[in-house]
């Protein structure tokens, strides 16, 4: 479980393919604090640490074929900057929103506008997958907890303050950038219950 508050960005330094699996070696300064089998959010995707090299400040995670197909990991390259968040501590402050690290789908950056001190990012996604946003609702983009500003079918925008722009990989986004999206878990439960209710009423 995560909060959507990115701790650091790491750098992809090596990518290895083994059958249908991909092993990503990531460099970050807190690698020495990690441990094998620990779960961590990578651009909003929960991956397990399988190898560590604290001396080089590096660790390795493995992504299976299903993960590669449904996320933006298929576009990762050596040098890619990835948002990182370790799992939530139960005795800490909950500063973002509940993020499971289970990517629902990818979205495409449509455009970025300078708002004179902040930035507005517009994204499009496939509405046929039955996901949705609501104005002032929560959403995780590459693991970053954000508030939806504009909401339309298959399209939404978020506003980014300078701090978020600086410490996450949002500063690398441009038109056409593919990102991971996790929609609000409470909204997904409400949607599922409503669908079941309406289905039962038709009987």
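Within region 60-80, the set of residues being under 27 Å from residue 133 (Cβ atoms), in contact (Cβ under 8 Å) with a residue 24 or more places away in the chain and surrounded by fewer than 16 Cβ atoms within 10 Å (Cβ to Cβ) comprises 75 only. Do the conditions hold for residue 111, that is, is it surrounded by fewer than 18 Cβ atoms within 10 Å (Cβ to Cβ), modelled with pLDDT of 95 or more and not assigned by TED's automatic domain parsing to the domain that holds residue 14? Yes: the conditions hold for residue 111.
Do we have residue 6 as part of a strand (DSSP E or B) and in contact (Cβ under 8 Å) with a residue 12 or more places away in the chain here? Answer is no for this residue.
Screening the candidates 62, 67 for the property of being in contact with a strand residue (DSSP E or B) (Cβ under 8 Å, 6 or more places away or on another chain) and part of a helix (DSSP H, G or I) yields one hit, 67. For residue 1, the criteria (1) in contact with a strand residue (DSSP E or B) (Cβ under 6 Å, 6 or more places away or on another chain); (2) closer than 23 Å to residue 105 by Cα; (3) in contact (Cβ under 8 Å) with a residue 60 or more places away in the chain hold in every case but one, which is (1). Across region 138-157, what is the number of residues that are within 16 Å of residue 44 (Cβ to Cβ) and either more than 16 Å from the chain's Cα centre (by Cα) or in contact (Cβ under 8 Å) with a residue 24 or more places away in the chain (or both)? Within region 138-157, residues that are within 16 Å of residue 44 (Cβ to Cβ) and either more than 16 Å from the chain's Cα centre (by Cα) or in contact (Cβ under 8 Å) with a residue 24 or more places away in the chain (or both) number 10.
Under the condition of being surrounded by fewer than 18 Cβ atoms within 10 Å (Cβ to Cβ), under 21 Å from the mean Cα position of the chain (by Cα) and not in a loop (DSSP other than H, G, I, E, B), the residues counted in region 13-59 number 9. Counting only strands (runs of 3 or more DSSP E) wholly contained in region 87-188, the ones carrying 1 or more residues that are within 19 Å of residue 69 (Cα to Cα) occupy 105-114, 119-124, 138-141, 178-183.
Within region 129-159, the set of residues being modelled with pLDDT under 90 and either surrounded by 15 or more Cβ atoms within 10 Å (Cβ to Cβ) or out of contact with any helix residue (DSSP H, G or I) (no Cβ under 8 Å at 6 or more places or on another chain) (or both) comprises 129, 131, 132.
The values are calculated or read from the model by the stated rules, or taken from the named source; none is laboratory data. Everything quoted here is computed from the prediction, not taken from an experiment. Cβ atoms come from the backbone with ideal geometry, glycine included; neighbour counts cover every protein chain shown.
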